[in-house]
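Working notes for the structure below.
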Amino acid sequence: MRQLSFSFFALALTLLVAGCAGGGLGDDPFPSPSDYEVYGIDVSKYQGDIDWDSVRASGVQFAWIKATEGGDHVDEKFARNWAAAKAAGIPRGAYHFAYWCRPAEEQAAWFTANVPNDPDALPPVLDVEWNGQSKTCPRKLPREVAIAEMKTILAAMERAYGKRPVIYTSVDFHRDVMQGEFNDYPIWVRSVKCHPALKYGARKWRFWQHTAEGHVAGIKGYVDRNAFNGTAKDWRVWLAGVSVASRA
């Protein structure tokens with residue numbers, strides 16, 4: 001029994017190390033980001049002026065663009081990125097960074113007032129994470145309050161754009177708030193050291209932000225890179241589903 005226990009934990013540790021290294025164990029139980037066929041980026045003002053034609057030529061197949069934060073902030077590069085990404089032919093969606101010191105209704109109204117309702121766009125994204133380093137709002141809400149706030153914003157987004165929103169989350173926020181909740185939403189997870197399976201357990205995810213230090217032609221400096229969980233065919237099916245939802 002003692003030997004069995006040791007073997008079990010040794011295997012678990014080996015899998016953890018392999019997964020955090022991006023695979024490499026026998027049949028490679030944890031795919032690395034490069035194993036996924038469809039990849040994209042997410043951007044904000046910190047990427048400066050982006051050459052979106054070069055971004056598309058590099059193979060980027062989707063982009064999430066920061067639009068708003070809280071109830072009174074618009075990313076200063078949003079309008080330019082929103083128009084230029086579409087002109088370059090890159091499917092793009094807008095995201096809202098949740099600010100836990102502002103009522104959910106105000107945040108939803110701010111997002112919908114500043115993000116155009118473009119039928120060609122990807123679904124809107126609600127970015128939920130704890131921001132303990134914030135100078136103005138480092139607070140953590142009780143789990144039930146955070147869930148209620150999220151539901152309010154998500155419902156408003158879906159009403160405004162006719163598409164099921166995507167939820168972006170970090171490991172700690174998912175652990176504290178989202179486990180067992182929001183299973184009917186596409187989930188976008190952050191995990192820069194390990195495959196999501198090792199950080200989010202059985203949670204089904206659609207997008208994986210796997211690095212904050214990526215490089216893409218057309219962008220100076222670092223950019224977040226993301227993988228779509230599926231094949232190129234799955235991606236086309238998912239996009240078609242988004243379009244159908246927008247017409248419903």
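None of the figures in this text is laboratory data; all of them are computed from the coordinates on show. Since this is a predicted model, take the numbers as computed values, not measurements. Cβ placement follows ideal geometry from the backbone for every residue including glycine, while neighbour counts extend to all protein chains displayed.
So what's the gap between the Cα centers of the stretch 52-110 and the stretch 180-248, to the nearest angstrom?
For the stretch 52-110 versus the stretch 180-248, the Cα centre distance is 15 Å.
If packing is taken as the mean number of other Cβ atoms within 10 Å per residue, what is the order of 188-199, 213-224, highest first?
Per-residue mean Cβ counts within 10 Å order the peptides as 188-199, 213-224.
What list of ³J(HN,Hα) values in whole Hz, one per residue of the stretch 77-84 in order, does the Karplus curve 6.51 cos²θ - 1.76 cosθ + 1.60 (θ = phi - 60°) give from phi, with Gly and Pro shown as x?
9, 4, 4, 5, 5, 4, 6, 6
What dipole magnitude, in Debye to the nearest 20, does the stretch 86-156 give about its Cα centre under +1 on Lys/Arg Cβ and -1 on Asp/Glu Cβ?
Charge dipole, the stretch 86-156, about its Cα centre: 240 debye, nearest 20.
Excluding residues fewer than 8 places away in the same chain, name every one of the lysines whose C-alpha is closer than 30 Å to that of Lys193.
Lys45, Lys66, Lys77, Lys135, Lys140, Lys151, Lys204, Lys220, Lys233
Calculated from DSSP H runs of 4 or more alone, at -39500 (n - 2.57) each and per residue, what is the 222 nm mean residue ellipticity of the chain, nearest 500?
-10500 deg cm²/dmol
Within straight cross-link reach of Lys86, meaning Cα distance under 13 Å, which aspartates and glutamates are found once same-chain residues fewer than 8 apart are removed?
Asp51, Asp53, Asp118, Asp120
(i) 1.23; (ii) 0.95; (iii) 0.98: which one is Rg/Rh (Cα atoms, Kirkwood Rh) as calculated from this entry?
Correct label, based on the coordinates given: (iii).
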